[in-house]
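Sharing a structure with you now.
The values are calculated or read from the model by the stated rules, or taken from the named source; none is laboratory data. Everything numeric here is computed off the predicted structure, so don't read it as measured data. Note: ideal-geometry Cβ built from the backbone for every residue, glycine included; neighbour counts use all protein chains shown. Surface areas here come from the heavy atoms of the whole protein model, side chains and all, with no ligands, DNA or RNA. Shrake-Rupley method; radii C 1.70, N 1.55, O 1.52, S 1.80 Å.
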Amino acid sequence: MTINRNISQIRAEVLLNYLYPEMSRTWMVQSKGTFYRNYNQDILALYEKEDKAILTRDGFLRLLPEGLLTRDDDLRGEDFSKKYEELEWRRELLNEAFSPFDTYVFRKKLEIERQASELLEQKLSYLLKEYFNFDIEAEQNSLVKEAAFILPYVSRWRGDLGLVGNILGALMQCEVEMVKSRYSPIDTTRLWLPQVTYKLLIPDLTLETYQEQVKSLEPLVAFLKEWLIPYDVKCEIEIKQHMVPQNPGGGLMLNYNTELNQ
């Protein structure tokens with residue numbers, strides 16, 4: 001499945017609803033026209049304190065015939081630069097005049113986008129509860145809540161060990177080292193299971209924060225093992241950091257930032 005991650009294609013209504021979910025904001029917009037789009041985003045400029053957005057899209061002014069706004073001989077004759085400046089000033093003045101119309105339409109679209117987002121969230125919540133027996137609203141762990149969005153795709157992604165590492169890295173915001181090996185409870189090479197170990201390389205953890213990370217990670221580990229790891233694969237997920245200067249008396253922690261040389 002190909003996912004388009006080009007942020008320049010995100011509509012202003014979607015982005016503003018995500019960044020500013022509060023309903024109290026009354027955005028004012030000014031449409032610069034699609035000529036400004038080029039490689040720019042839909043939002044050309046954003047003034048948060050003024051609740052104002054400059055958009056690279058056509059506004060109500062663009063719907064009017066050009067003959068109503070300009071004349072054929074506006075740029076003819078001498079003093080071309082002066083006439084061009086006057087023409088630009090007139091266009092900006094008209095843009096400001098039609099800004100209330102563009103603002104009204106944009107607010108309506110913003111409201112529709114917010115309602116659509118709420119419906120989609122309710123749809124996903126219903127889907128997870130009815131088809132996967134997972135109540136995302138009752139889930140307390142924030143990591144599991146974020147990971148739950150992959151459930152509709154587990155039929156295609158189950159068993160993808162590399163994807164599990166990417167999910168861990170994205171949720172924990174750290175580098176992940178994946179090691180594949182074999183596991184045997186009787187220390188033999190004749191009977192064994194495939195084993196994968198994910199090492200989450202999180203630097204600068206104290207004993208307290210390390211214990212907090214391990215505790216918060218436990219529900220996520222159980223979730224990933226249940227939905228993405230095959231039943232015949234032994235999976236271990238550890239918080240670890242290699243290549244840390246090991247100074248005596250520096251508060252080293254075995255199996256986290258301490259390595260034993262063999």
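Return the only residue of Leu128, Leu110, Leu124 being under 30 Å from Val164 (Cβ atoms), open to solvent by less than 70 Å² (accessible area, probe 1.4 Å), at pLDDT 85 or above and part of a helix (DSSP H, G or I).
Leu128
Something else: Could you tell me which numbered condition Pro245 fails, if it satisfies all but one of (1) modelled with pLDDT of 60 or more; (2) part of a loop (DSSP other than H, G, I, E, B)?
All conditions are met except number (1).
For the structure I just gave you, tell me whether Phe60 is modelled with pLDDT of 85 or more, surrounded by 11 or more Cβ atoms within 10 Å (Cβ to Cβ), closer than 18 Å to Thr34 by Cα and not basic (Lys, Arg).
Against the criterion (modelled with pLDDT of 85 or more, surrounded by 11 or more Cβ atoms within 10 Å (Cβ to Cβ), closer than 18 Å to Thr34 by Cα and not basic (Lys, Arg)), Phe60 does not qualify.
Shifting gears a bit: Taking into account only those residues within segment 17-30 that are open to solvent by less than 60 Å² (accessible area, probe 1.4 Å) and not basic (Lys, Arg), which is farthest from the chain's Cα centre (by Cα)?
Here the residue is Gln30.
Check segment 80-101 and report whether any residue there is open to solvent by 40 Å² or more (accessible area, probe 1.4 Å), in a helix (DSSP H, G or I) and at pLDDT 85 or above.
Yes; the residues of segment 80-101 include at least one that is open to solvent by 40 Å² or more (accessible area, probe 1.4 Å), in a helix (DSSP H, G or I) and at pLDDT 85 or above.
Tally the residues that are open to solvent by less than 30 Å² (accessible area, probe 1.4 Å) and assigned to a helix (DSSP H, G or I), restricting the search to segment 140-152.
6
Check off (1) without any contact (Cβ under 8 Å) to a residue 24 or more places away in the chain; (2) not in a helix (DSSP H, G or I) for Glu177 and give me the number that stays unchecked.
So the condition that Glu177 fails would be (1).
Tell me whether segment 107-123 contains one or more residues that are over 25 Å from Arg25 (Cβ atoms) and within 26 Å of the chain's Cα centre (by Cα).
Yes, because at least one residue in segment 107-123 is over 25 Å from Arg25 (Cβ atoms) and within 26 Å of the chain's Cα centre (by Cα).
Would you be able to tell me the number of residues in segment 163-208 that are at pLDDT 90 or above, open to solvent by less than 30 Å² (accessible area, probe 1.4 Å) and out of contact with any helix residue (DSSP H, G or I) (no Cβ under 9 Å at 6 or more places or on another chain)?
3
Of these, Arg182, Arg158, which one is in contact (Cβ under 8 Å) with a residue 12 or more places away in the chain, under 30 Å from Gln122 (Cα atoms) and of a type in the set (Lys, Arg)?
After ruling out the rest, the residue left standing is Arg158.
From the list Ser155, Ser117, pick out the single residue that is part of a helix (DSSP H, G or I) and surrounded by 14 or more Cβ atoms within 10 Å (Cβ to Cβ).
Ser117
While we're looking at this one, here's another question. Among the numbered criteria (1) on the phi < 0 side of the Ramachandran plot; (2) open to solvent by less than 50 Å² (accessible area, probe 1.4 Å); (3) modelled with pLDDT under 80, which one does Gly33 miss?
(1)
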